[in-house]
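Colleague: If you scroll down you'll find the structure; I have some questions about it.
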Ligand code: ATR
């Protein structure tokens, strides 16, 4: 029986058990994937305990992503660059840390918009938090020639753009209009537009007709930003797929089968 889990604090809203449970059942694998709440004070001890109990690994979520990276014995390049881990793999008593958020973002776009190419032009990323960092890294890896980070707090966007170098620049979120004409990929990485959060107020009518618009918010699935883009006839990809695709590498590492993100999985997670 192969065991994996998701660790967070609090953990009750995690969709990960639904995702991995769906894949385990579909592949007929004798395995388990549970949600375990571990408080920050006991995080390292809790992870070491999972290693001792023979777990294959785990996902880690808020607020443990940075600590998970720090305590690992080895770290993937992408987790190092993103500065946080969401996937841990245990082997021979050692902990390997990875971050699959960025690749999940990219693979969601590849599945949802097969003709989209990161290299097509400038990307505009709204927000400068942890999700933005993973997404900017992944866009650059994928060949995006230029990334603009727009944030309410300009300083946070500047810190991020300095970290990533010449291809990345920072602007204040109220200067977004001036950039839209050159943007081929627009990503909202803020929580704005999520149920219970303030609206994202932006007029995207000056985006090129060839632009793709995506949102990491998936509650609601069709955010105001995506509705506006659809009304303009632009390509859109919703944010649920990023959540699903980020889970793929962990499942493959622990259970030995590369799972597929399909319509059944989407339905299950939306219903759950
Ligand atoms: P995550 O790790 O999910 O990216 P985060 O690190 O808390 O979350 O980042 C949240 C992002 O949403 C930030 O870019 C934040 O802007 P600030 O850096 O100025 O705080 C942005 N954000 C949150 N609430 C916002 C609001 N009401 N208006 C504009 N931006 C907001």
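Read-outs throughout are calculated quantities, based only on the coordinates presented, and are distinct from any laboratory measurement. Quantities reported herein were computed from a predicted structural model and do not represent experimental measurements. Positions of Cβ are backbone-derived with ideal geometry, glycine not excepted, and every protein chain shown enters the neighbour counts.
Colleague: Of these, 241, 250, which one is away from the ligand (no atom under 16 Å from the Cβ), part of a helix (DSSP H, G or I) and in contact with a strand residue (DSSP E or B) (Cβ under 6 Å, 6 or more places away or on another chain)? Please lay out each step first, then the result.
Modeller: Values: 241 fails: in contact with a strand residue (DSSP E or B) (Cβ under 6 Å, 6 or more places away or on another chain).
Matching residue, one of 241, 250: 250.
Colleague: Kindly check whether there is at least one residue in the stretch 221-231 that is under 21 Å from residue 122 (Cα atoms), touching a residue at least 40 places away in the same chain (Cβ under 8 Å) and part of a loop (DSSP other than H, G, I, E, B).
Modeller: no
Colleague: Only residues that are buried (at least 19 other Cβ atoms within 10 Å of the Cβ) and not in a loop (DSSP other than H, G, I, E, B): list them for the stretch 253-268, please.
Modeller: First, the residues of the stretch 253-268 that are buried (at least 19 other Cβ atoms within 10 Å of the Cβ): 253-255, 259, 261, 265.
Answer for the stretch 253-268, where residues must be buried (at least 19 other Cβ atoms within 10 Å of the Cβ) and not in a loop (DSSP other than H, G, I, E, B): 253, 254, 255, 265.
Colleague: Within the bounds of the stretch 105-122, is there any residue that is within 16 Å of the ligand (Cβ to nearest atom) and more than 17 Å from residue 243 (Cα to Cα)?
Modeller: no
Colleague: Only one of (1) surrounded by fewer than 23 Cβ atoms within 10 Å (Cβ to Cβ); (2) out of contact with any helix residue (DSSP H, G or I) (no Cβ under 8 Å at 6 or more places or on another chain); (3) under 30 Å from residue 247 (Cβ atoms) is not met by residue 167, so which one is it?
Modeller: Every listed condition holds for residue 167 apart from (2).
Colleague: Which members of the stretch 180-202 meet the condition of being more than 14 Å from the ligand (Cβ to nearest atom) and in contact with a strand residue (DSSP E or B) (Cβ under 7 Å, 6 or more places away or on another chain)?
Modeller: Of everything in the stretch 180-202, those that are more than 14 Å from the ligand (Cβ to nearest atom) and in contact with a strand residue (DSSP E or B) (Cβ under 7 Å, 6 or more places away or on another chain) turn out to be 182, 183, 184, 185, 186.
Colleague: While we're looking at this one, here's another question. Scan the stretch 193-215 and report the pairs whose first residue is at negative phi and whose second residue is within 10 Å of the ligand (Cβ to nearest atom) and outside any loop (DSSP other than H, G, I, E, B), with Cβ atoms within less than 8 Å and a gap of 6+ or a chain change.
Modeller: 200/126; 200/188; 202/126; 214/188; 215/188
Colleague: Being more than 17 Å from residue 83 (Cβ to Cβ), in a loop (DSSP other than H, G, I, E, B) and more than 10 Å from the ligand (Cβ to nearest atom) is the filter here, so list the residues in the stretch 150-174 that pass it.
Modeller: 166, 167
Colleague: Ok, one more. Tally up the residues in the stretch 175-203 that are touching a helix residue (DSSP H, G or I) at 6+ places or on another chain (Cβ under 6 Å) and in a loop (DSSP other than H, G, I, E, B), please.
Modeller: Qualifying residue count for the region: 3.
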